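Structure first, commentary second.
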């Protein structure tokens, strides 16, 4: 018995330090993996052990669902993402490529409450200047019309979000308008090719990502049909629910008016019905 104890002591004694070093390293490794999974790993919700098994479509579907839920929270009046382009000719070299043109806060207890954050492209190019002029003219004109209107109370806000993905800068602007009992949400987007100093089209983005347009169109049609079916069920309970015209050309991929690409490369097709009627209803189709 004594010999066995001595043998055990020899084993543990000779390797005790190494044993504890290994235990400590394993603890550090486990902690590091845990932190990475929670903070940095894109698929932590659906692949918590970072096995990589099934990573792809299932995780993409979970991420897309998450992006849709968080859409109304993206408007933080700032820019996310970086570009690999070496030099971009800025108007102000000390500022980011998208800055705030104006912050407008106007209040009248009887007639209006206005809070508008108007963006601008900090790029020294003719097309960027045109975009800035369009933004300024559109929203300043709306603000002035609200302040001149003394018929009903209006609550009006403008906010934006900008993303850079490679050579593409995407800017999305959202208006929330409450005029009397009527409310609507409007969306305007700008997509700018930083290398060519020109606006980017949805067709160019599809080509750069290698999309099969026919397959995308089938996915759009299927998703819009599913959304409409859900609204049909609601309409049976609430008659004021407005259904989509699924035969409308607005759902054709090539006719997409509002779209952005976020800094992770996800493409948003945005159907903001408030752009043409009084509603805050927005449909999103998101592809990776």
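Gap in Å between the Cα centre of the stretch 71-147 and the Cα centre of the stretch 184-231? Centre-to-centre distance over Cα atoms comes out at 23 Å.
Using the beta-carbon distance between residue 204 and residue 182 and R0 = 22 Å, what value does 1/(1 + (r/R0)^6) give for FRET efficiency, to the nearest 0.05? Step by step, r from the Cβ atoms, then E = 0.05. Between residue 229 and residue 26, the simple label model (points 7 Å from Cα in the Cβ direction) yields a spacing of 5.1 nm.
What relative contact order, as a whole-number percentage, does the stretch 74-287 give when Cα pairs under 8 Å and 6 or more residues apart are counted? Could you put the intermediate results ahead of the total?
Details: 385 pairs, mean separation 38.9, N = 214.
Answer for the stretch 74-287 is 18 percent.
Tell me, what is the percent relative contact order of the stretch 60-193, built from C-alpha pairs under 8 Å that lie six or more residues apart?
Details: 231 pairs, mean separation 32.1, N = 134.
About 24 percent, as a whole number.
In plain terms, the residue of 131, 22 with the fewest other Cβ atoms within 10 Å comes first and the most crowded comes last, giving 22, 131.
Between residue 153 and residue 137, 0.36 nm times their residue separation minus their Cα-Cα distance comes to what? List each step's numbers first, then the result.
Numbers: separation 16, 0.36 × 16 = 5.76 nm, distance 2.27 nm.
3.5 nm is the gain from fully extending residue 153 to residue 137.
Computing FRET efficiency as 1/(1 + (r/R0)^6) for residue 236 and residue 69, where r is the C-beta to C-beta distance and R0 is 25 Å, gives about 0.50.
Order by neighbour count: 204, 63, fewest other Cβ atoms within 10 Å first, most last.
Values: 204 15, 63 18.
Exposure proxy ranking, most exposed first: 204, 63.
When a footprinting reagent is the concern and you count Cβ atoms within 10 Å, what order do 260, 74, 250, 28 take, fewest first? Write down the numbers at each step before the final one.
Numbers: 260 24, 74 17, 250 14, 28 10.
Starting with the residue having the fewest Cβ neighbours, the order is 28, 250, 74, 260.
Once the Cα-Cα distance is subtracted from the 0.36 nm per residue extended length, the residue 252 to residue 102 segment shows a gain of 50.5 nm.
The numbers here are math on the coordinates, done by the rules we state, and not lab data. Worth saying up front: this structure is predicted, and the values here are computed from it rather than measured. Positions of Cβ are generated from backbone atoms using ideal geometry, with glycine treated the same way; all protein chains shown enter the neighbour counts.
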